């Protein structure tokens, strides 16, 4: 793996490196870790990389790695930069024969995402997106229950992602993470909706298998002086007639990363909370509520494959992230060995999910600017 971004002072880069390393399937061999060439090289030294594999720019990295023998060069790049630097290295990597795994959202805007999708199709290379919440074992169990019809036809989806860390104008203090997330030149057209609303959208579509076809969004910027939304309330209409509510907020004082989802079908419902990820509540018309737990023998094949430890040993955010890295690495290995991958290893977000996320952001912003008018998602 070669990494773009994630140097000194970065949060998500460290998360990606830990996740990539959990299963011992991926080795960090090079990187362009900062837009500052000097800082990039210093960061590479922090990770004990040889100086000649610590590059000043991603352009330099891709060119130099391509020139190495096949058995020595990186196999893929991991992009862990702010949103506006997702597309350029992804495009260049694909054009030069490297697979891509990127932090979300896929790109700065929908046009870039569609261009990237075309390039993925043209090259036949792999592209993965770290919507990490899809990696939790009981999220996969919830998906299996819906897809096997246990809940019946889906009627209603309620998905929420409240945070409180931007309840004040933290970006004015120079805080790096707040700074780029609230800057339209680096974050894109949306703030809260782009940062965490896309996680909620992706989780709802992943579990239900239903695409959102149109939405009505009420966006607000509560903190004075902030340039992007910090709160959003969205009504959803899914394929097949299901209705939904999506709420994302970064000014909900006291909330941490309280992502949760409830799905209701004709025969039953389910409820999952990211704060208690090893528990899934399943509810029925004519029997008591059931409590599903990770690593038990009654779980589906996909949920079982996503777990690593015996029951009651906590697994969480990093392990869910690692499941995406593990599946992506296994898919790359299958391509290198010219064989069909295990279907379980194809279970990671792809470029189609990236395009969906960008189309969701643009539809929410259009609706919000038009007094919450119903707006189709055009992906």
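Coordinate-derived values only; no laboratory data. Predicted model, so just to flag it, every value in this text is computed and none were measured. All Cβ positions, glycine included, derive from the backbone under ideal geometry; neighbour counts span all protein chains shown.
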Placing one equal point scatterer on each C-alpha of segment 79-199 and summing with Debye, one gets log10 I(q)/I(0) at q = 0.13, 0.15, 0.16, 0.17 Å⁻¹ equal to -0.69, -0.86, -0.93, -0.99
A student asked for the Cα radius of gyration and Dmax of segment 246-320 in angstrom ought to give 14.3, 40
For segment 284-342, the convex hull over Cα atoms projects on average to an area in nm² of 5.9
Tilt, helix 317-336 to longest principal axis of the chain (alpha-carbon atoms), in degrees rounded to tens, equals 60
Using alpha carbon centers only, segment 337-356 is separated from segment 218-297 by a whole-angstrom value of 25
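Counting each DSSP H run of 4 or more residues in the chain as -39500 (n - 2.57), what helix-only mean residue ellipticity at 222 nm follows after dividing by all residues, to the nearest 500 deg cm²/dmol?
-10000 deg cm²/dmol, from helical runs alone.
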Rounded to the nearest 10, the angle in degrees between the Cα long axis of helix 110-123 and the longest principal axis of the Cα atoms of the chain comes to 60
For segment 252-379, the Cα-Cα pair-distance distribution in 10 Å bins from 0, as whole percents, is 10, 25, 33, 25, 7, 0
The equivalent-ellipsoid semi-axes of segment 2-129, taken as the square roots of five times the Cα gyration tensor eigenvalues and listed largest first in whole Å, are 21, 16, 14
Taking only the Cα positions of segment 151-206, the convex hull volume per residue in Å³ is 96
Taking the chain, the whole-percent share of alpha-carbon pairs separated by over 27 angstrom is 49
By the mean-Cβ-within-10 Å protection proxy, highest first, 295-302, 273-280 rank as 273-280, 295-302
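If R0 is 30 Å, what FRET efficiency do you get for residue 372 and residue 60 from their C-beta distance, rounded to 0.05? Walk me through the numbers before you get to the answer.
Details: r = 47 Å, r/R0 = 1.55.
So the FRET efficiency works out to roughly 0.05.
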Rounded to the nearest 10, the angle in degrees between the Cα long axis of helix 58-67 and the longest principal axis of the Cα atoms of the chain comes to 70
